[in-house]
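The values are calculated or read from the model by the stated rules, or taken from the named source; none is laboratory data. As the structure is a prediction and not an experimental result, all values here were calculated from the model. Note that each Cβ is placed from the backbone with ideal geometry, even for glycine, and that neighbours are counted across all protein chains shown.
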Amino acid sequence: GAGVSQSPRYKVAKRGQDVALRCDPISGHVSLFWYQQALGQGPEFLTYFQNEAQLDKSGLPSDRFFAERPEGSVSTLKIQRTQQEDSAVYLCASSLPWRAPKLEQYFGPGTRLTVT
Amino acid sequence: KQEVTQIPAALSVPEGENLVLNCSFTDSAIYNLQWFRQDPGKGLTSLLLIQSSQREQTSGRLNASLDKSSGRSTLYIAASQPGDSATYLCAVKQEYGNKLVFGAGTILRVKS
């Protein structure tokens with residue numbers, strides 16, 4: 001079946017612009033995660049949804065970052081007034097709910113954001 | 001706060017060598033540990049997942065071991081090939097909580 005998909009794959013934004021990044025999780029996966037990966041680093045957690053509920057947003061670096069998943073499937077990560085330090089790859093992952101035995105996370109290809 | 005460290009940061013080996021990548025974590029209260037592969041410009045591909053109650057997992061030429069009490073995992077790659085060249089990432093999921101905590105990765109280059 002289809003994996004996690006993300007769009008756009010690449011985004012160039014001028015400093016101060018708002019951007020919106022989309023994630024389509026694997027069908028049936030109720031858990032959805034966003035991670036930020038800076039160049040040469042491992043991914044860092046941003047936020048987590050269980051269905052439409054945002055249960056953990058402790059990793060969002062500032063109030064310029066906002067994520068939503070209104071119908072419990074597609075999610076959007078929005079960054080307002082982008083700054084150069086926001087340049088990174090944004091990865092989305094999905095998994096089965098807590099009661100599933102393995103809780104393996106499946107990752108999308110990422111969106112590479114460059115802020116100029 | 002969980003911290004994950006991977007050693008070495010980069011590794012270059014000739015084709016055919018067996019090699020070991022190391023991962024250590026500071027908090028042993030983990031639920032599972034995953035090894036991922038990341039090719040340039042691509043997302044993460046899961047290689048192996050080890051539950052906290054397991055000692056090792058094998059898939060083809062890959063073998064991952066877990067020593068939870070000492071906070072260590074190793075990824076063993078047998079008979080390396082140029083196609084194995086990629087960044088290898090280790091990530092742990094805590095017993096309580098849902099996020100993965102990643103190391104910075106090991107960049108592997110296998111020369112033909």
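Criterion first (closer than 22 Å to residue B:36 by Cβ and either away from chain B (no Cβ under 11 Å) or among the hydroxyl-bearing types (Ser, Thr, Tyr) (or both)) does residue A:8 satisfy it?
On the way: closer than 22 Å to residue B:36 by Cβ: no; either away from chain B (no Cβ under 11 Å) or among the hydroxyl-bearing types (Ser, Thr, Tyr) (or both): yes.
So residue A:8 fails the test.
Name every residue in segment A:41-52 that is surrounded by fewer than 16 Cβ atoms within 10 Å (Cβ to Cβ) and under 28 Å from residue B:4 (Cα atoms), in order of residue number. Break it down stepwise before answering.
Keep residues of segment A:41-52 that are surrounded by fewer than 16 Cβ atoms within 10 Å (Cβ to Cβ), which gives A:41, A:51-52.
A:41, the sole residue that qualifies.
If we keep just the residues of segment B:27-45 that are in a loop (DSSP other than H, G, I, E, B) and over 16 Å from residue A:3 (Cβ atoms), which is nearest to the other protein chains (Cβ to nearest Cβ)? Lay out the reasoning, then the answer.
Pass one, segment B:27-45, residues in a loop (DSSP other than H, G, I, E, B): B:27-29, B:39-43.
Okay, now just the ones that are also over 16 Å from residue A:3 (Cβ atoms), so B:27-29, B:40-41.
Values: B:27: 15, B:28: 18, B:29: 15, B:40: 11, B:41: 7 Å.
Checking each candidate, the answer is B:41.
Condition check ((1) surrounded by fewer than 21 Cβ atoms within 10 Å (Cβ to Cβ); (2) of a type outside the set (Asp, Glu)) across all residues:
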position: A:5; (1), (2): yes, yes
position: A:10; (1), (2): yes, yes
position: A:14; (1), (2): yes, yes
position: A:18; (1), (2): yes, no
position: A:25; (1), (2): no, yes
position: A:29; (1), (2): yes, yes
position: A:38; (1), (2): yes, yes
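So for segment B:94-112 (the condition being away from every other protein chain (no Cβ under 11 Å) and among the small types (Gly, Ala, Ser)), does at least one residue qualify?
Yes, there is a match, as at least one residue in segment B:94-112 is away from every other protein chain (no Cβ under 11 Å) and among the small types (Gly, Ala, Ser).
Take residue A:36 and decide whether it is at negative phi, at pLDDT 95 or above and of a type outside the set (Gly, Ala, Ser).
On the way: at negative phi: yes; at pLDDT 95 or above: yes; of a type outside the set (Gly, Ala, Ser): yes.
Yes, satisfied.
Take the residues in segment B:59-100 that are of a type in the set (Phe, Trp, Tyr) and in contact with a Leu (Cβ under 9 Å, 6 or more places away or on another chain); name whichever of them is surrounded by the most Cβ atoms within 10 Å (Cβ to Cβ).
Residues of segment B:59-100 that are of a type in the set (Phe, Trp, Tyr), as a first pass: B:76, B:88, B:96.
With in contact with a Leu (Cβ under 9 Å, 6 or more places away or on another chain) added as a condition, the list becomes B:76, B:88.
Numbers: B:76: 15, B:88: 22.
Restricting to residues being of a type in the set (Phe, Trp, Tyr) and in contact with a Leu (Cβ under 9 Å, 6 or more places away or on another chain), the top hit is B:88.
Do we have residue A:58 as polar (S, T, N, Q), more than 19 Å from residue A:37 (Cα to Cα) and either assigned to a loop (DSSP other than H, G, I, E, B) or without any contact (Cβ under 8 Å) to a residue 40 or more places away in the chain (or both) here?
On the way: polar (S, T, N, Q): yes; more than 19 Å from residue A:37 (Cα to Cα): no; either assigned to a loop (DSSP other than H, G, I, E, B) or without any contact (Cβ under 8 Å) to a residue 40 or more places away in the chain (or both): yes.
Taking the combined requirement at face value, the residue does not satisfy it.
If you go through segment A:61-111 one residue at a time, how many are surrounded by fewer than 17 Cβ atoms within 10 Å (Cβ to Cβ) and either within 14 Å of chain B (Cβ to nearest Cβ) or in contact (Cβ under 8 Å) with a residue 60 or more places away in the chain (or both)?
Total meeting the criteria: 12.
Taking residue B:20 as meeting all but one of (1) modelled with pLDDT under 95; (2) under 12 Å from the mean Cα position of the chain (by Cα), write down the number of the exception.
Every condition holds for residue B:20 apart from (1).
Can you find a residue that is within 14 Å of chain A (Cβ to nearest Cβ), out of contact with any Ser or Thr (no Cβ under 6 Å at 6 or more places or on another chain) and part of a loop (DSSP other than H, G, I, E, B) anywhere in segment B:70-92?
No.
Could you pull out the residue among B:52, B:73, B:59 that is within 10 Å of the chain's Cα centre (by Cα) and closer than 21 Å to residue A:105 by Cβ? It would help to see each step written out before you state the result.
On the way: B:52 fails: within 10 Å of the chain's Cα centre (by Cα); B:59 fails: within 10 Å of the chain's Cα centre (by Cα).
Step by step, each of B:52, B:73, B:59 is checked, and only B:73 is within 10 Å of the chain's Cα centre (by Cα) and closer than 21 Å to residue A:105 by Cβ.
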